[in-house]
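The values are calculated or read from the model by the stated rules, or taken from the named source; none is laboratory data. Bear in mind that the values here come from a model prediction, so they are computed numbers and not experimental data. Positions of Cβ are backbone-derived with ideal geometry, glycine not excepted, and every protein chain shown enters the neighbour counts.
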Amino acid sequence: MVSKAATYLKVQEENLSKCLLKKTVKYPGQTIEIEHSRVEALSVHHSLLKSVYSRLFEQIVAKVNEGLSVPRRETDQEVR
């Protein structure tokens, strides 16, 4: 599943798995990776899906609106 998602998102599978399963905490002079709890991992998963679906929906709406738009004629612009 992760490999397919990584392919669709155009990211490396390892990076996607890492962000879904671990969080990175930075302190002065050190960086610590902590595994997400099951609840945190599900929350990250849901947030990612929500973002992907939102962007996909926006692109679909933009394409539909583009297809429905009617080009203005020169005479319509001159009336203003």
Apart from one, (1) on the phi > 0 side of the Ramachandran plot; (2) in contact with a Ser or Thr (Cβ under 7 Å, 6 or more places away or on another chain) all hold for Thr31; the odd one out is (1)
> Out of all the residues in the range 5-14, is one or more outside any strand (DSSP E or B), within 18 Å of the chain's Cα centre (by Cα) and at positive phi?
Replying inline: yes
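Against the definition (loosely packed, with under 10 Cβ neighbours inside 10 Å, among the aliphatic types (A, V, I, L, M), part of a helix (DSSP H, G or I) and at pLDDT 90 or above), how does Val39 come out, yes or no?
yes
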Scanning the range 1-40 for residues that are touching an Asp or Glu at 6+ places or on another chain (Cβ under 9 Å) and among the hydrophobic types (A, V, I, L, M, F, W, C) gives Val2, Ala5, Ala6, Leu21, Val25
Looking across the range 42-65 at residues that are exposed (fewer than 12 other Cβ atoms within 10 Å of the Cβ), of a type outside the set (Lys, Arg) and over 12 Å from the mean Cα position of the chain (by Cα), the single one that is farthest from Thr7 (Cα to Cα) is Asn65
When the range 39-68 is checked residue by residue, the ones that are charged (D, E, K, R) and under 30 Å from Leu21 (Cα atoms) are Glu40, Lys50, Arg55, Glu58
